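Beneath this line is the structure, given in structure tokens, with notes to follow.
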Amino acid sequence: MKIPGALIFEPGTNSGWTIEEVELDDPKRGEIQVEIAASGLCHSDDHVDTGDIPLNWAPIIGGHEGAGVVTKVDDSVTTVQVGDHVALSFLPSCGKCYMCIQGKANMCVLGAGTLGGVQPDGTHRVHARGMGVGQFSYLGTFAPYVTVPVEAAVKIPKEIPLDKAALIGCGVPTGWGSAIYAGNVQMGQVVVVFGVGGVGMNAVQGARQRHARAIVAVDPVQRKRDWAKDFGATHTASNEDEARKIVDELTNGQGADVVIITMGVADPKLLQPAGDMTVRGGTLVLTSAAKVGLQNLDFDLFTFAMSGKRLQGTLYGSTNAPFDMPLILGLYQRGEMKLDELITQTYKLTDLNQAVQDMRDGLNIRGVITEF
Ligand SMILES: [Zn+2]
Ligand SMILES: [Zn+2]
């Protein structure tokens with residue numbers, strides 16, 4: 001089938017997205033085709049263009065936060081049917097591997113190949129200019145249809161609006177799980193969240209759901225600080241020095257119980273001040289992707305060890321997508337999880353480059369493509 005798609009031909013060159021016609025194959029063994037209703041914009045897509053995520057293959061069709069309606073299934077697929085509504089997870093989980101059977105779907109062996117440039121069977125489902133096109137996270141939701149492994153799809157109730165459902169494929173669980181699982185925020189704790197965009201805003205929500213007594217949202221963008229209050233932030237700060245002052249006042253200088261870093265790109269210079277404002281025995285959660293290859297850090301290891309702090313990395317907020325995606329949608333249906341308010345702008349696929357610029361400029365919590 002011929003469809004439009006948004007592609008990067010030269011990753012890492014800031015050349016922007018090219019929207020052109022591509023050929024999409026039908027599902028093969030274990031695969032389904034989904035008509036995409038909405039696709040969120042995530043910094044990880046932009047990282048391909050900027051080179052923060054270096055890819056040694058191209059072209060690539062972007063987009064990894066989508067939801068839609070199943071239009072075709074291969075005969076081998078038994079878990080979803082044509083007409084089902086699904087949210088697509090940027091990390092598929094096989095349900096059988098060592099990590100999956102422990103409920104750690106975010107660490108699945110299938111998900112580990114998500115940036116490999118080919119589908120799990122080693123071939124392509126998208127083609128352009130006579131070349132195979134890699135699907136970002138096996139998905140490539142910057143297009144009206146995708147052919148994907150069924151393991152990437154989580155069936156959702158039909159009453160959930162699909163634009164909201166799209167958000168649970170990456171940004172929402174990543175931020176929410178950073179507070180709930182990676183940070184394991186407890187009732188009455190003091191929590192700091194660095195970067196309150198489409199990921200961090202959900203860390204704020206998670207901390208609120210766990211009844212943190214104070215949630216300090218740190219962001220240089222005024223409007224994001226204002227939005228953060230609607231999501232549960234009790235205090236806001238524009239930088240780490242302001243945040244430190246607030247935390248010292250709240251905790252008599254002891255430090256925050258949980259500090260979560262959810263900025264668009266991890267700033268290595270933030271690690272020390274963020275660690276310093278974490279209470280002894282507390283947890284510093286690193287959710288943001290740092291530039292790949294960054295290895296040397298200025299970090300006071302002695303003090304960190306002697307103060308019993310935990311530095312917790314997390315992928316996908318340590319969530320278990322087949323379990324947590326329905327759980328999050330249940331919270332949404334009960335009015336305990338804000339998803340509507342996360343979408344601050346919608347775009348056409350043809351306006352993708354403007355949408356990316358708006359994301360870089362901090363204009364949105366989440367921009368979502370709803371017209372293809
Ligand atoms: Zn993402
Ligand atoms: Zn697995």
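The values are calculated or read from the model by the stated rules, or taken from the named source; none is laboratory data. None of the values given here were measured: they were computed from a predicted structure. Heads up, the Cβs are rebuilt from the backbone with ideal geometry, glycines too, and the neighbour counts pull from every protein chain shown. SASA here: full protein model, heavy atoms, side chains in, ligands and nucleic acids out. Shrake-Rupley method; radii C 1.70, N 1.55, O 1.52, S 1.80 Å.
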Open item on the list: Nearest 500 deg cm²/dmol is fine: what mean residue ellipticity at 222 nm does the chain get from its DSSP H runs of n ≥ 4 alone, each adding -39,500 (n - 2.57), divided by its residue count?
Closed with: -6500 deg cm²/dmol
- [ ] Only Lys, Arg, Asp and Glu count, each charged at its Cβ (+1, +1, -1, -1), so figure out the dipole size of the chain about its Cα centre, rounded to 20 debye.
- [x] 920 debye
TODO: Skip the ligands, DNA and RNA, and give the accessible area per residue of segment 175-315 with a 1.4 Å probe, whole Å².
DONE: 45 Å²
Task: LEU311-ALA289 pseudo-label distance in nm [points 7 Å out on the Cα-to-Cβ vector] - done: 2.1 nm
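At most 12 other Cβ atoms within 10 Å and a DSSP loop assignment: could you name the trypsin sites (Lys or Arg not before Pro) in segment 298-338 that fit?
Details: sites: LYS309, ARG310, ARG334, LYS338; in loops: LYS309, ARG334, LYS338.
Counting only loop positions with at most 12 other Cβ atoms within 10 Å, the trypsin sites (Lys or Arg not before Pro) in segment 298-338 are ARG334.
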Open item on the list: On C-alpha positions alone, give me the angle between the axis of helix 240-251 and the longest principal axis of the chain, in degrees, nearest 10.
Closed with: 60 degrees
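For segment 1-94, run through the trypsin sites (Lys or Arg not before Pro) and keep only the ones in DSSP coil with at most 13 other Cβ atoms within 10 Å of their Cβ.
Details: sites: LYS2, LYS28, ARG29, LYS72; in loops: LYS28, ARG29.
Hits after loop and neighbour filter: ARG29.
What part of the accessible area of segment 168-302, given as a whole %, is carbon or sulfur when the probe is 1.4 angstrom?
Numbers: 2710 of 5540 Å².
Reported share for carbon and sulfur atoms: 49 percent.
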Open item on the list: To make sure I understand the rule: partners must be lysines, Cα under 16 Å from the Cα of LYS291, and not fewer than 8 residues away in the same chain. Which ones qualify?
Closed with: LYS269
Open item on the list: Which lysines, if any, have their Cα less than 29 Å from the Cα of LYS158, not counting same-chain residues under 8 positions apart?
Closed with: LYS2, LYS28, LYS72, LYS96, LYS104, LYS338, LYS348
TODO: Just name one of GLN345, MET187, VAL109: the one whose Cα is farthest towards the positive end of the charge dipole of the chain (beta-carbon charges, Lys/Arg +1, Asp/Glu -1).
DONE: MET187
Task: 1.4 Å probe accessible area per residue over segment 51-136, in Å² - done: 42 Å²
Task: Accessible surface of TRP176 - all protein chains present, 1.4 Å probe, nearest 10 Å² - done: 10 Å²
Open item on the list: Once R0 is set to 45 Å, what does the formula 1/(1 + (r/R0)^6) return for the Cβ-Cβ distance between TYR98 and ASN353, expressed as a FRET efficiency to the nearest 0.05?
Closed with: 0.65
